[in-house]
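Structure, as structure tokens:
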Amino acid sequence: MERRTVIKALGMAIPSLWLSKSIARSTFNTLHPHAPIAKVDFKPEWKSLEQYQVPDWFRDAKFGIWAHWGPQCQPERGDWYARGMYQEGSDQYNYHVEKYGHPSKFGFKDVINEWKADKWDPEMLLDLYKRAGAQYFVALANHHDNMDLYDSSHQPWNSTKIGPKKDLVAGWAKAAKKRGLRFGVSVHAAHAWTWYETSQRADKNGPLKDIPYDGKLTKSDGNGKWWDGLDPQELYAQNHPLSENSEDHNMIHRQWSWDVSSGVSVPSKAYCENFHDRTVELIDNYDPDLVYFDDTVLPLWPIDDAGLRIAAHYYNVNQQKNKGKLEAVINGKILNEQQRKCMVWDIERGQSDKIEKEPWQTCTCIGAWHYDRRIYDNKSYKSAKTVIHMLADVVSKNGNLLLSVPLRGDGSIDSEARNTVEGIASWMGVNSEAIIGTRPWKVFGEGPAMEGVAPLSGPGFNEDKNKPLTAADIRFTTKNGVIYAILMGWSETGNVLINNLRADSHKVKKVTLLGRSNELKFEQTIAGLAVTLPEIAEKDEPAYVLKIT
């Protein structure tokens with residue numbers, strides 16, 4: 001996930017959202033009218049996949065929560081631990097040597113064995129997430145560490161056999177569907193081939209210099225050990241030559257898109273087929289509404305058609321299960337114009353700067369993608385206010401927000417992360433009607449933060465580069481003839497002027513503040529809609545919503 005180096009853009013893309021059952025099909029956003037279509041027989045070709053249409057539920061959803069949780073959370077030392085622990089001299093390497101021992105003796109396979117997830121309570125967590133207003137929930141199905149978190153017949157290294165010895169995806173799916181939430185899975189394992197190359201290394205210094213790490217171990221090396229009978233190569237996938245300049249830690253980012261001219265090591269056909277079979281089994285057995293791929297476009301594309309075959313299969317079987325109605329969503333990154341018609345664009349830790357024609361998604365996290373205890377200790381998670389401002393901005397531009405809430409290795413949520421989620425829940429309890437089921441208005445907003453928006457970098461990564469939203473900034477959404485003006489703070493003057501609602505453009509009949517029943521005083525002039533705010537005690541809420549009829 002956390003590729004912070006600029007990746008050569010293959011073209012920017014476009015994506016989607018969710019429709020609450022109470023919203024009639026006739027209220028669809030006029031930006032993208034979609035008439036019902038007959039069942040499509042999708043083929044693993046871009047031209048065929050262009051027939052895709054974003055389903056109604058995603059257009060209305062607006063807000064999802066993600067458990068980006070797996071064995072790399074066990075050490076509680078942050079993102080990409082299973083790669084970083086093999087980078088001599090890095091923070092994670094030093095931490096690993098101190099906590100577990102040298103990676104030639106205690107590798108990531110052994111971290112997996114220690115991971116028990118004994119405090120994981122999906123029922124409690126999904127209650128919390130639903131209260132926070134989430135309309136869909138996404139669970140990690142596997143990461144670049146290549147361990148499947150479900151009952152996988154194609155990957156012996158899975159959570160039902162080692163580590164927790166539980167079917168985690170099944171547990172998440174049951175809890176989500178029980179609460180009426182759409183269920184998704186995120187799939188990241190296509191890149192294990194190159195991502196794990198660090199495990200082939202050995203120290204260049206110190207007493208264990210030149211002693212190989214455990215990435216080249218084979219099944220026969222496990223005789224008499226806890227992993228007797230398991231083949232580490234089915235986890236690490238490192239029986240292959242290294243990519244060009246593999247010792248350069250940043251090469252993984254420059255080689256992410258499987259551009260053979262970059263010197264990336266090309267996976268074997270057997271590796272690609274195994275990934276295909278694992279993913280198809282996940283789709284067939286767990287029936288997700290959404291599949292998030294942490295890949296440029298689709299997994300293994302363009303060196304192999306496995307991703308295209310997975311996409312076509314997923315769309316076809318989803319239609320069959322839904323009596324001809326396609327309800328499936330695929331998230332992909334860095335899409336060209338054709339690919340934007342075939343799936344939903346995901347921007348990682350970033351936002352678009354305009355109203356997109358088609359629905360799209362921002363994925364971000366309140367902390368690190370994999371649990372990092374230091375963020376909790378330093379109380380440095382994103383606040384509820386930061387998340388709500390991001391949510392309002394994304395939704396005003398026809399996007400969804402998929403928010404990862406870190407979980408500790410044992411599956412529990414810490415008190416600081418819970419505080420952020422509870423803050424979101426408190427705000428959504430009053431203001432969710434301005435978010436869920438809405439569509440963009442004629443403009444997404446007004447205010448000083450609209451100036452000088454930072455461009456996207458590769459798959460995203462511009463969320464910390466823009467001006468913070470303040471009380472002078474407004475974001476707009478609309479639904480059923482109502483305009484919602486989301487104020488990003490309380491005006492110190494007690495008055496708000498909305499320039500885009502001038503007397504010569506719209507006739508306003510009534511203005512209220514969500515959470516209060518009294519109508520507000522207002523005046524429409526050539527300068528805009530001037531609203532007199534009521535006297536309230538709570539002037540430190542993340543945002544306030546004017547409902548304008």
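The values are calculated or read from the model by the stated rules, or taken from the named source; none is laboratory data. Quantities reported herein were computed from a predicted structural model and do not represent experimental measurements. Ideal geometry is used to build each Cβ from the backbone, glycine not excepted, and the neighbour counts take in all protein chains shown.
Restricted to the stretch 38-85, and to residues there that are assigned to a loop (DSSP other than H, G, I, E, B) and of a type in the set (K, R), the residue that is nearest to D118 (Cα to Cα) is K62. For the stretch 438-460, the tally of residues that are at pLDDT 90 or above, farther than 17 Å from T362 by Cα and either aliphatic (A, V, I, L, M) or touching a helix residue (DSSP H, G or I) at 6+ places or on another chain (Cβ under 9 Å) (or both) stands at 3.
Give the residue, chosen from E98, E88, that is over 26 Å from the mean Cα position of the chain (by Cα), part of a loop (DSSP other than H, G, I, E, B) and of a type in the set (D, E). Only one candidate passes the filter, namely E88. Exactly one residue out of E197, E247, E234 is closer than 27 Å to P302 by Cβ, exposed (fewer than 14 other Cβ atoms within 10 Å of the Cβ) and in contact with a Lys or Arg (Cβ under 9 Å, 6 or more places away or on another chain): that is E247.
Selection of first residues in the stretch 456-475 that are within 21 Å of E348 (Cα to Cα) and of second residues that are of a type in the set (S, T, Y) and modelled with pLDDT under 80, restricted to Cβ pairs under 8 Å at least 6 apart or on distinct chains, gives the following pairs, ordered by first then second residue: G458/T5.
The numbered conditions (1) assigned to a helix (DSSP H, G or I); (2) under 29 Å from D56 (Cβ atoms) are all true for E422 except (2).
The residues on offer are Q51, Q87, and the sole one that is touching a Ser or Thr at 6+ places or on another chain (Cβ under 9 Å) and either over 25 Å from T364 (Cα atoms) or modelled with pLDDT under 95 (or both) is Q87.
For (1) more than 36 Å from the chain's Cα centre (by Cα); (2) among the aromatic types (F, W, Y), each residue gets a yes or a no:
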{"site": "K442", "(1), (2)": "no, no"}
{"site": "E446", "(1), (2)": "no, no"}
{"site": "E451", "(1), (2)": "no, no"}
{"site": "L487", "(1), (2)": "no, no"}
{"site": "N500", "(1), (2)": "no, no"}
{"site": "V508", "(1), (2)": "yes, no"}
{"site": "F522", "(1), (2)": "yes, yes"}
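When the stretch 468-480 is limited to residues that are modelled with pLDDT under 95 and surrounded by fewer than 14 Cβ atoms within 10 Å (Cβ to Cβ), the one that is farthest from A454 (Cα to Cα) turns out to be T470. Looking across the stretch 127-172, the residues that are surrounded by fewer than 24 Cβ atoms within 10 Å (Cβ to Cβ) and under 19 Å from the mean Cα position of the chain (by Cα) come down to L128, K130, G133, H144.
You will find that of N336, N274, N331, the residue that is surrounded by fewer than 17 Cβ atoms within 10 Å (Cβ to Cβ) and in contact (Cβ under 8 Å) with a residue 40 or more places away in the chain is N336 and no other.
Among the residues of the stretch 177-224, the ones that are within 23 Å of A141 (Cα to Cα) and not in a loop (DSSP other than H, G, I, E, B) come to 20 in all. For the stretch 438-454, the set of residues classified as in contact (Cβ under 8 Å) with a residue 40 or more places away in the chain and either over 25 Å from I548 (Cα atoms) or outside any loop (DSSP other than H, G, I, E, B) (or both) consists of R439, G445, E446, V453, listed by residue number.
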